[in-house]
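Enquirer: Dumping the structure here so I can ask a few things about it.
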Amino acid sequence: MLAVKGITKKLPDGRLLLREISFEAKKGEFIGILGESGVGKTVLLRCINGLTTPDSGEVILNEDGNPQKINGKKGQELRRIRRRIGMIFQGSILVKRLSVLENVLTGGLGRISTMRSLLYGFTDKEVQAALSALEKVGVKHLAGRRAETLSGGEMQRVAIARALFQEPCLLLADEPVANLDPKNTEVVLDYLKPLTKEMAIIAVFHAPELVSRYCTRAIAIKDGTVVYDGSPHLSSSVLEYIYGTGPAVKSA
Amino acid sequence: MSGKTSATTGQGDWGYQRYFQRHLLTGTVFLLILGWSVVDLGISPQLFLSGLPHFFNLVREMFPPNWEVLASGKVLWSVLETLSMAFVGTFLGAILSFLLALFAANNLALSKMVRETARGIMAAERALPTLVLILLLVVMIGLGPFSGMICIAIGSVGSLGKLFAEAIETVDPKPIESLESVGANKIQVIRFAVLPQVLPSLIANTLYRFDINLRVALFLGVVGGGGIGFDLHLAMSLFKYADALAITAVIFIMVWLAEKISDYLRKMVIGREVLQ
């Protein structure tokens, strides 16, 4: 459904951050991306939904046999594709001074006309859908609160609700459980995992044990290239290689 | 002077002599300008002293203030006219400023040309004194509070627009990107990610500007903008000093009250932010 083909991205100083990254993702998959910090995991996710433009390579979203190239698109066309890709950012991305419900509703802005959104014309149906998205992640009771009053775990759950309301076919998550305590980490990932019935999820993780518990597949990046792509249960020698200076391994 | 400077440029010579030499040029220029200005103004203590009796005469004629002038209701009407001139002018000016600020802010990624044009308009307005603006508007639109209101609106754009643009430039960029990532367009991003973040600052700055504009509205009255400023000017021109004092008292209370209220509102808007 998603095909990433030979993504290369240079840093402003000319150094290569990502070199020829390629992989595919299908509906039902929960892919965990691993790698040392600074290796370019976030940039890779940003290249996928076009927030960052890669120097070469292409990203193709193929929904219902209608392949669409994401990079190189602009304006209306880019927005139409982005509508199909949800994103949960590192830390929180909520608009702090809007209410929780309003934050969820912003997930639908891609399909709501400019005039209607300016006049605040969210329909009852949309509000109901937003509320039920909040219910699915167990925070419906927070709907009227301002986003800035929530705890970190609650914010991430609202971010998931926003992605649910958006109804994407691909969800990108950049360290969705960073800065969360173990209990909240579990809660958030337990809500995230069942979403793979409807979409593919690609998430960046710090902790390999979370990848092995929740993901269906792991991709590891080192020195700008994919050095591992396979089972989420990584062996200790593979992990040593990814995070340290262990011997090279072949991808499984 | 230059010969001396070159003779004392030895290393480590940062003493009194060096200090004196370094500031000799600046000091001389400053004193020359000051001296010339004093001569040009024709400042003379004698003139000031000979004016003092007139001052005491004026004060004597002002007292007791003629409160009857307020009884007709005309002054109250003028107060309302001045207040609404400042209010509508500030409101309109704030809207214009916000629109301009959107184009001038460097984080909304509009083209450089648009940005520079918007900044140029604001800079040009700042360079245009209010007095010049009202004289132009009076010729264009005619005498009266409508000209005053337009003058206040345009006159607010330079400073408010700059403050608004700076507020927009300091917003958290993450919510902006997050809305872009769901496919929201620029207008939607501004409405749902930028505006909520800058609103408290916009309101606080606009309230502050209202205080300034109320004083401007008084002054515009004298030049032909109507309102209570005009009443005061008229009373003074007709040597009705007792009337003038009563009107001044009204102006004093109006400005004082307006500032108290806007202070209170501003603290409410900002205070709430601090609490949360």
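Enquirer: Can you tell which of B:Gly142, B:Gly155, B:Gly183 is of a type in the set (Gly, Ala, Ser) and touching a residue at least 60 places away in the same chain (Cβ under 8 Å)?
Expert: Checking each option against the conditions leaves just B:Gly155.
Enquirer: Then there's this: Against the conditions (1) of a type in the set (S, T, N, Q); (2) outside any loop (DSSP other than H, G, I, E, B); (3) surrounded by fewer than 21 Cβ atoms within 10 Å (Cβ to Cβ); (4) touching a residue at least 40 places away in the same chain (Cβ under 8 Å), where does A:Thr52 fall short? Just the number, please.
Expert: With respect to (1) of a type in the set (S, T, N, Q); (2) outside any loop (DSSP other than H, G, I, E, B); (3) surrounded by fewer than 21 Cβ atoms within 10 Å (Cβ to Cβ); (4) touching a residue at least 40 places away in the same chain (Cβ under 8 Å), A:Thr52 is out only on (2).
Enquirer: Could you list all residues from the range B:122-139 that are without any contact (Cβ under 8 Å) to a residue 60 or more places away in the chain and under 17 Å from the mean Cα position of the chain (by Cα)?
Expert: Across the range B:122-139, the qualifying residues are B:Met122, B:Ala123, B:Ala124, B:Glu125, B:Arg126, B:Ala127, B:Leu128, B:Pro129, B:Val132, B:Leu133.
Enquirer: Based on what the data block shows, is A:Glu198 within 26 Å of A:Ile7 (Cβ to Cβ), among the acidic types (Asp, Glu) and in the same structural domain as A:Pro67 (by TED's automatic domain parsing)? Before you say what the answer is, go through the steps one by one.
Expert: Values: within 26 Å of A:Ile7 (Cβ to Cβ): yes; among the acidic types (Asp, Glu): yes; in the same structural domain as A:Pro67 (by TED's automatic domain parsing): yes.
Yes.
Enquirer: Scan the range B:160-189 for residues that are in a helix (DSSP H, G or I), within 14 Å of chain A (Cβ to nearest Cβ), of a type outside the set (Asp, Glu) and surrounded by fewer than 20 Cβ atoms within 10 Å (Cβ to Cβ) and jot them down.
Expert: B:Pro173, B:Lys174, B:Lys186, B:Ile187
Enquirer: Looking only at the range A:5-35, how many residues end up being modelled with pLDDT under 90, closer than 23 Å to A:Thr216 by Cβ, in contact with a helix residue (DSSP H, G or I) (Cβ under 8 Å, 6 or more places away or on another chain) and not hydrophobic (A, V, I, L, M, F, W, C)?
Expert: Within the range A:5-35, residues that are modelled with pLDDT under 90, closer than 23 Å to A:Thr216 by Cβ, in contact with a helix residue (DSSP H, G or I) (Cβ under 8 Å, 6 or more places away or on another chain) and not hydrophobic (A, V, I, L, M, F, W, C) number 3.
Residue by residue, here is whether (1) surrounded by 10 or more Cβ atoms within 10 Å (Cβ to Cβ); (2) at pLDDT below 85 holds:
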position	(1), (2)
B:Tyr16	no, yes
B:Gln21	yes, yes
B:Leu24	yes, no
B:Phe30	yes, no
B:Pro45	no, yes
B:Asn57	yes, yes
B:Glu68	yes, yes
B:Leu76	yes, no
B:Glu81	yes, no
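Enquirer: Identify, please: which residue in the range A:113-136 is free of Cβ contacts under 8 Å to residues at least 12 places away in the same chain and of a type in the set (Val, Ile, Thr) and is, among those, surrounded by the most Cβ atoms within 10 Å (Cβ to Cβ)?
Expert: If we take residues in the range A:113-136 being free of Cβ contacts under 8 Å to residues at least 12 places away in the same chain and of a type in the set (Val, Ile, Thr), then A:Thr114 is surrounded by the most Cβ atoms within 10 Å (Cβ to Cβ).
Enquirer: Can you work out which of the residues in the range A:69-92 that are assigned to a strand (DSSP E or B) and out of contact with any Pro (no Cβ under 8 Å at 6 or more places or on another chain) is farthest from the other protein chains (Cβ to nearest Cβ)?
Expert: A:Lys69
Enquirer: Are any residues in the range B:142-174 out of contact with any Gly (no Cβ under 6 Å at 6 or more places or on another chain) and at pLDDT below 85, and if so, which ones?
Expert: Passing the criteria: only B:Gly142.
Enquirer: Looking for whichever is free of Cβ contacts under 8 Å to residues at least 12 places away in the same chain, out of contact with any His (no Cβ under 6 Å at 6 or more places or on another chain) and surrounded by 20 or more Cβ atoms within 10 Å (Cβ to Cβ) here; the options are A:Leu94, A:Leu109, A:Leu150. Which one fits?
Expert: When all the criteria are applied, what remains is A:Leu109.
Enquirer: Something else: Looking at the range B:51-61, can you tell me whether even one residue there is in a helix (DSSP H, G or I) and in contact (Cβ under 8 Å) with a residue 60 or more places away in the chain?
Expert: Yes, the conditions are met somewhere in the range B:51-61.
Enquirer: Which of (1) under 16 Å from the mean Cα position of the chain (by Cα); (2) surrounded by 23 or more Cβ atoms within 10 Å (Cβ to Cβ) is the odd one out, the single condition A:Lys27 does not satisfy?
Expert: So the condition that A:Lys27 fails would be (2).
Enquirer: Can you confirm whether the range A:61-68 contains a residue that is assigned to a loop (DSSP other than H, G, I, E, B), in contact with a Leu (Cβ under 7 Å, 6 or more places away or on another chain) and in the same structural domain as A:Leu234 (by TED's automatic domain parsing)?
Expert: No, that holds for no residue.
Enquirer: Next question. Do you know which residues across the range B:100-115 are exposed (fewer than 14 other Cβ atoms within 10 Å of the Cβ), out of contact with any helix residue (DSSP H, G or I) (no Cβ under 6 Å at 6 or more places or on another chain) and not in a loop (DSSP other than H, G, I, E, B)?
Expert: Answer for the range B:100-115, where residues must be exposed (fewer than 14 other Cβ atoms within 10 Å of the Cβ), out of contact with any helix residue (DSSP H, G or I) (no Cβ under 6 Å at 6 or more places or on another chain) and not in a loop (DSSP other than H, G, I, E, B): B:Lys112, B:Met113.
The values are calculated or read from the model by the stated rules, or taken from the named source; none is laboratory data. No experiment lies behind these values; they were computed from the predicted model shown. Here the Cβ is made from the backbone with ideal geometry for all residues, glycine too, and neighbour counts use every protein chain on show.
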